[in-house]
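Everything below concerns the one structure shown next.
The values are calculated or read from the model by the stated rules, or taken from the named source; none is laboratory data. All values derive from a computational prediction rather than experimental measurement. All Cβ positions, even for glycine, are placed from backbone atoms using ideal geometry, and neighbour counts span all protein chains on display.
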Amino acid sequence: MLYHLAYLSSATHLMSEKELKDILEKSRSNNKIDNITGLLLYNDGSFFQVLEGEKATVEACYKRIQKDRRHDNCITLLDGDLDNRTFMSWDMAFIPFGELTEAQQSHFISLGKLRKSGKMLEMESNKDLRILAQSFLASFGTQFQ
């Protein structure tokens, strides 16, 4: 049975580009091995993450995350069984915007446009996660629309 868990946490300090890259590289590697999918949002010292996979692997991953000293105040927002993955085809990626060429920058998509894409529709199928992500982004003045 698939399982999902969403949490919110506070970074112990504002993350540098290098620290965020390190987190992404380690997360990609571990998630691939553990067959975990999900979503990770970071803004202004706050993390919002959704993990999906087999219950035992998601719980083990979350325990590792809770022990990570780069953040604290982990608050579990949602957990439970899941019929289908919401983020099956989502890949985590991070490239500093300033390092992209003008042509590459033109390929970025706003959250409003993302909502209309197939990727956003995947998230819209899970009302609870959508509400949590909307609340997280709204706290920074950003909305899915």
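How do the pairs read when you match residues in the range 54-74 that are at pLDDT 95 or above with residues anywhere that are of a type in the set (V, I, T) and part of a helix (DSSP H, G or I), using Cβ under 6 Å and keeping only pairs 6 or more apart or on different chains?
Within 6 Å, no pair qualifies.
So D79 clears everything in (1) among the charged types (D, E, K, R); (2) out of contact with any Leu (no Cβ under 7 Å at 6 or more places or on another chain); (3) not in a helix (DSSP H, G or I) except one condition, right? Which one?
Looking at each condition in turn, D79 falls short on (2).
Tell me, which residue of the range 75-94 that is over 18 Å from S10 (Cα atoms) and surrounded by 17 or more Cβ atoms within 10 Å (Cβ to Cβ) is modelled with the lowest pLDDT?
Taking the candidates together, the pick is W90.
Confirm whether E59 is surrounded by 13 or more Cβ atoms within 10 Å (Cβ to Cβ), in contact with a Lys or Arg (Cβ under 7 Å, 6 or more places away or on another chain) and either among the aromatic types (F, W, Y) or more than 23 Å from S16 (Cα to Cα) (or both).
Answer is no for this residue.
Pairs, please: C-beta under 9 Å, at least 6 apart or cross-chain, first residue part of a loop (DSSP other than H, G, I, E, B) and in the range 30-41, second surrounded by fewer than 19 Cβ atoms within 10 Å (Cβ to Cβ)?
N35/E54; N35/T57; I36/S27; I36/N30; I36/E54; I36/T57
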